[in-house]
């Protein structure tokens, strides 16, 4: 028997970091959201263990980063296949790695979602979909829930690598299969090592022993000689035997909290949108978890998609704005799959790989190489193709200090509401007139920057712009070069592209200037 539950603007399948971040982004924009998850409740499984600079930046843009920083520990390093990368000196207020288990990230995101009026509907898996010209119906079901149907404008699959939404939408998931097996567990150790051991390479594979929380350790072993079958059980005893085989000791492990398995399968959705169905996070891409990029990739998918989907749902932008989500994020994930395949190859045992690691390790000591690999791992180097030629166009906006009519602030604080911002740094009244038609869609801020030059990744700089249009995800859509009169025709083109078209009204008032 089917119980129709009603309607909403957007259904999000999956209450992991990607789904929760997307839900919060949509709620900030005033969109009605329903989050469903096939699980009966939050499992508490630790899973991913780190957050990189760009993810911390987007949380800072929304004003919630402090709660994450208080829950974790930061360190100024990362790695590429176990080869150390130094993040100190990177052009960011947060050039570090935040060590914070995924279970804690999910808890904090769910708390934020609750503050925004959201709750997760557990034991609700999407089991069927039907699309038409005006919306989509999602059939929901689960072992502990009656069948129901909800109608929405859009459905977003954030439901993991085995995504039911992706399969129901008929989206292909091509890639390469696993060639190795890694086991991991969060356990207690009777005889722990004196310090954390990361990717200790041995003839039969490698192992790690990392202290994440007091009294608990994450242990990982990797067997490069075989790939596990899909139905092969994952057991604590199997983890113990693997550690004994690879490391020669099990460090007295006992009392497992969580045991799991992963491999180096790398797959990516052929398209991120099929009509009214979109994909984000692991539903759109899976890869070897090297460099700690997975959680970050998903959260940044959500921040790219959220404002675009909100604008379309609310009729402020045409549907083809959603196509820019695939155009911008598909290449980013493709690059992650590429670099994690390289990291998996660089991890394999053997004298040839040993020699390769030694050579690459010597190169990472050069600042240019360190920045290149570090920018890729942290996603600080991303530049979207936004159609503007300014050196900052498409890049993440630098979080520079500003002086406005309301006092001192910084750029990221302008993005708290998840709205576009037109930042006037030259006091040109023509900017307000040019943007008048979009008064209900953006914030116009007049301010001054004491910095005469702004950083451009990786280690360059450009004269501070005269004005710039900042998208809600923190990327620059348009910028006017310093010392020039802003090109208002180009500005209006950018506003139309990213905020939607308008009907010109010469009598319409200019958007209010905020501080």
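Observations, loosely collected:
Residue-wise test of (1) free of Cβ contacts under 8 Å to residues at least 24 places away in the same chain; (2) closer than 20 Å to residue 333 by Cβ; (3) touching a helix residue (DSSP H, G or I) at 6+ places or on another chain (Cβ under 6 Å).
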{"site": "135", "(1), (2), (3)": "no, no, no"}
{"site": "139", "(1), (2), (3)": "no, no, no"}
{"site": "160", "(1), (2), (3)": "no, yes, yes"}
{"site": "163", "(1), (2), (3)": "no, yes, yes"}
{"site": "167", "(1), (2), (3)": "yes, yes, no"}
{"site": "175", "(1), (2), (3)": "no, yes, no"}
{"site": "200", "(1), (2), (3)": "no, no, no"}
{"site": "203", "(1), (2), (3)": "no, no, no"}
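- Residue within region 269-283 that is assigned to a strand (DSSP E or B) and within 16 Å of the chain's Cα centre (by Cα) present: yes
- The condition of being at negative phi, outside any strand (DSSP E or B) and surrounded by 22 or more Cβ atoms within 10 Å (Cβ to Cβ) holds for only one of 422, 402, 380, that being 380.
- Residues that are modelled with pLDDT of 95 or more and either in a loop (DSSP other than H, G, I, E, B) or surrounded by fewer than 16 Cβ atoms within 10 Å (Cβ to Cβ) (or both) are absent from region 296-311 altogether.
- One residue from 256, 233 being touching a helix residue (DSSP H, G or I) at 6+ places or on another chain (Cβ under 6 Å) and under 22 Å from residue 186 (Cα atoms): 256
- Residue 291 meets each of the listed conditions (1) part of a helix (DSSP H, G or I); (2) touching a residue at least 12 places away in the same chain (Cβ under 8 Å) apart from (1).
- Within region 449-466, residues that are without any contact (Cβ under 8 Å) to a residue 24 or more places away in the chain reach partners that are in a strand (DSSP E or B) and buried (at least 16 other Cβ atoms within 10 Å of the Cβ) with beta carbons closer than 6 Å, at six or more positions or on different chains, in the pairs 461/455.
- Here region 145-169 is the region considered, the condition is being touching a strand residue (DSSP E or B) at 6+ places or on another chain (Cβ under 7 Å) and surrounded by fewer than 19 Cβ atoms within 10 Å (Cβ to Cβ), and the residue that is modelled with the lowest pLDDT is 146.
- For residue 413, the stated conditions do not hold, so it cannot be described as outside any strand (DSSP E or B), modelled with pLDDT under 95 and either touching a strand residue (DSSP E or B) at 6+ places or on another chain (Cβ under 7 Å) or not assigned by TED's automatic domain parsing to the domain that holds residue 310 (or both).
- Scope region 491-515; condition at pLDDT 95 or above, surrounded by fewer than 16 Cβ atoms within 10 Å (Cβ to Cβ) and farther than 27 Å from residue 22 by Cα; matching residues: 493
- Top-ranked residue in region 312-328 [being part of a helix (DSSP H, G or I) and out of contact with any strand residue (DSSP E or B) (no Cβ under 9 Å at 6 or more places or on another chain); ranked as surrounded by the fewest Cβ atoms within 10 Å (Cβ to Cβ)]: 320
- Residues that are crowded, with 24+ Cβ neighbours inside 10 Å and over 28 Å from the mean Cα position of the chain (by Cα), drawn from region 469-490: 480
- Given (1) touching a strand residue (DSSP E or B) at 6+ places or on another chain (Cβ under 9 Å); (2) under 28 Å from residue 298 (Cα atoms), index of the condition residue 251 fails: (2)
- Single residue of 357, 365 found to be outside any strand (DSSP E or B), surrounded by 15 or more Cβ atoms within 10 Å (Cβ to Cβ), at pLDDT 95 or above and more than 19 Å from the chain's Cα centre (by Cα): 357
- Selection count where residues are assigned to a strand (DSSP E or B) and either within 24 Å of residue 266 (Cα to Cα) or out of contact with any helix residue (DSSP H, G or I) (no Cβ under 7 Å at 6 or more places or on another chain) (or both), scope region 143-158: 10
- Options 191, 206, 186, 264; residue that is surrounded by 18 or more Cβ atoms within 10 Å (Cβ to Cβ) and part of a loop (DSSP other than H, G, I, E, B): 264
- Within region 1-17, the set of residues being at pLDDT 95 or above and more than 30 Å from residue 101 (Cα to Cα) comprises 8, 9.
The values are calculated or read from the model by the stated rules, or taken from the named source; none is laboratory data. From a predicted model like this one, the values you see are computed outputs, not experimental measurements. Positions of Cβ are generated from backbone atoms using ideal geometry, with glycine treated the same way; all protein chains shown enter the neighbour counts.
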